[in-house]
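Written below as structure tokens is the structure these notes are about.
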Amino acid sequence: MDLKATSAFTLSKELDMPKETVYRALRLLLSKGLIVKARPIKLSGNRSITIYALNGYTPDDIKNAYTRDQRLRTPGYRLMERVVQTLMDDFPTTHNTSESEIHVYLAEVDAVLKQESTGFRWWELKDEARYTYIQTLKAVYPNKKLVIHAGGTPRI
């Protein structure tokens, strides 16, 4: 993770660590002067989020930390991450790739989303899931051309 500021919740989720462990580590880093507590961000009611930051943080760092925290607290966003992770885990065995191209079947994204989306109306998240997956592939394979197939048979 390349973060200059973050919340304990974000660290807990991103690192898959118990919140108690994260808070213990943050207290140690605070006591050593390696990080600082930024001003808490007030939410509705009496709730607030404390952002922890490296010395020399900027207002944009705090804004980005807050945005990431809120996304991770949104069930639809967490579902999107699970869908993309499932697709990426299966990627080497399910895709027709060449030296220069990757074939992406949107029906495959839809099938994984439908499978993972217990309790959600999967079709409402379909466009965002497709977009997130394609953006992830572009980031992981920047030198390959993506060939997008709107239909097709899911390969999972």
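Here, each number is a calculation from the coordinates, and none is a lab measurement. Computed from a predicted structure; not experimentally measured. Glycine gets a Cβ as well: all are built from the backbone with ideal geometry, and neighbour counts include every protein chain shown.
Taking the C-alpha atoms only, the angle from helix 106-116 to the longest principal axis of the chain is near 50 degrees.
So what's the projected area for segment 75-149, the Cα convex hull averaged over all directions, in nm²? List each step's numbers first, then the result.
Numbers: hull surface 18.3 nm².
That works out to 4.6 nm².
Compared with the dominant principal axis of the Cα atoms in the chain, helix 59-73 is inclined by about 60°.
When the Cα atoms of segment 5-73 are aligned to their principal axes, the ranges along those axes come out at 32, 27, 22 Å in descending order. Dipole check for the chain: with +1 at the C-beta of Lys and Arg, -1 at the C-beta of Asp and Glu, and the Cα centre as origin, the magnitude is about 840 Debye. What base-10 log of the normalised intensity I(q)/I(0) is obtained for segment 4-144 from the Debye formula, alpha carbons as equal point scatterers, at q = 0.13, 0.14 Å⁻¹? Debye output, listed in q order: -0.73, -0.81. Candidates L54, L125, P18 compared by Cα position along the dipole of the chain: farthest toward the positive end lies L54, with charges placed on Cβ.
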